[in-house]
1. Quick check: residue separation of V98 and N242 times 0.36 nm, minus the Cα distance between them. What number comes out in nm?
2. Tell me which residues come under 5 Å, amide H to amide H, from Y49 once H is placed; ignore anything under 5 positions away on its chain.
3. Given a 1.4 Å probe, how much area per residue of the range 257-394 is accessible, in Å²?
4. Once you put a point 7 Å from the Cα of A311 and another 7 Å from the Cα of E378, both along the Cβ direction, what distance in nm separates them?
5. Starting from the amide H of K151, placed 1.01 Å from N in the peptide plane, find each other amide H under 5 Å away whose residue is 5 or more places distant or on another chain.
6. Between L107 and R354, what is the label-point separation in nm under the 7 Å Cα-to-beta-carbon projection?
7. Which three numbers, in whole Å and largest first, are the semi-axes of the equivalent ellipsoid of the range 418-485 derived from its Cα gyration tensor as √(5λ)?
8. Rank W77, W351 by accessible area, highest first, at a 1.4 Å probe radius?
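The values are calculated or read from the model by the stated rules, or taken from the named source; none is laboratory data. Nothing here was measured: the structure is a model prediction, and the numbers come from that model. Counting neighbours? That spans all protein chains shown, and the Cβs are built from the backbone with ideal geometry, glycine included. Please note that ligands, DNA and RNA were not included when accessible areas were found on the heavy atoms of the full protein model with its side chains. Shrake-Rupley method; radii C 1.70, N 1.55, O 1.52, S 1.80 Å.
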Amino acid sequence: MFEPIVGLCLLLHSQPWLLFWRHCCFSCWQVPLQWLSVQQRIMEITTIYTTVETSSLKPNAIVCLGHRVTPPPNRTWVPVDLAHGPCSSSLDAAALSVTELLHRDQLRVDDVQKRLSNNGTDDNEAPGAAPTSENDMYGGAKIAVRVGSRKPSMSTQASSELGIHPAASGGSDALLPGVVQTVVLDTASDVAWVQCVPCPIPQCHPQEDSFYDPTNSGSYAAFPCNSPACTQLGPYANGCVNGQCQYRVTYPDGSSTSGTYSSDLLTLNPTSSVSNFQFGCSHADQGSFDPQAAGIMALGGGPESLASQTASTYGHVFSYCLPPSPSYLGFFILGDARVASSQYAVTPMLWDARSPATFYRVLLRAIVVAGKKLDVPEMAFAAGTVMDSRTAITRLPPTAYRALRAAFMSSMRMYRAAPPKGILDTCYDFTGVGSIKLPKITLVFDRDAAVELDPSGVLFNDCLAFAANKDDAMPGIIGNVQQQTIEVVYDVGGGAVAFRRNAC
């Protein structure tokens, strides 16, 4: 009998009829205790749910809309785009089906968890290797860099495209950046690589960028077999050829890359470059690779990664922000973004000497759905959680996932259910629905670092974008879908991971 009165109060709360509102609320105060605070209920509705236009959940297939938020200025940053969208370097490559994407995503998850277990690795698998080939990742976060250098007479067009002129580079005889190479950002691998001439097809995979030819670069050098860079390769070492250090990275699906371990100039943007950048010059790869990418930009914790190589210059700090859809651009930053610290939620990194140094781990403590903390014992999260730029769907301990799924379904019961899609078992049919009220989901990490997910990080293909591990003893993984629009800062030197919402 009280619902109509409360409903009218809610309606009139936003109206200017103040006197009527006071009278209405006076009537509301006469109802039982659960209806005592109408204003509290109003605030509850607006703070625990967000209204999302269903059209916004689908990428604009034609137009690249650029950056939603301007990246931090005057920093070493590079635009990030997602594969198979209008902002991508190629519009022709076919996107994976949802079924295939989720299958490949599970392969990556299986490998990450295998390497984090204390079972070691197979003899033919390098512990810092990414689990699958380049196309085994939803919305591959890619950046375009330049590898190598050329004399001005050979590089007029290249330097013009980058906005670099000979005078700005130290004179008319200064070397200028080399060829554009599109690479996938990977926080779970250590060895960066690109395909290098000679690289005949099918021995190598087709790519849309020009192949990097080390003979055209004035700053290229292959590492001798007895060099420190070669000896530190460890499981990635692959012997010697003509006195030159060879590397090989083999992935669990059987794909691999091999060639000469080398160094050259890496140019990130018109004002930032890395001299003597160490990487694999791949002359052969096996498996199925995405023609949109020339290689991998490894960002893991091993000594071979870009993050480790540039630690003395950039403080062993890097960050990225993945856009909400392939219709927008994000950013990748080397060094501190210098945004006010109050905008970040900060949690410590977890260190475990028994686990590979490649991975960046944090401790998830709790999950909040629609303003309510899930009833999940903290021990369910004890195995820790990996931050991964290439896993798509976040994996949770089964105990936590069941609680999340139940709470989400309760908040979404007004919408039609749809059949599961692979590992995604909570899906909806939004046909004919213009907008939906989506419950807000917040991940709470150690030290009360609360990170509210963007709506694009809650639903994937109209399904709840989370899945369960096999058991609570397995480490969780925060996938790139949940990271969308959030700047994720890896302060390796400071032993922390920070999150800034609405950054891109």
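1. 47.3 nm
2. Amide H to amide H, under 5 Å and 5 or more residues apart or across chains, Y49 pairs with K440.
3. Result: 33 Å² of accessible area for each residue.
4. If labels sit at A311 and E378, their model points lie 3.0 nm apart.
5. L176
6. 3.0
7. On the way: eigenvalues 109, 60, 16 Å².
Working through the eigenvalues yields semi-axes of 23, 17, 9 Å.
8. Largest to smallest exposure gives the sequence W351, W77.
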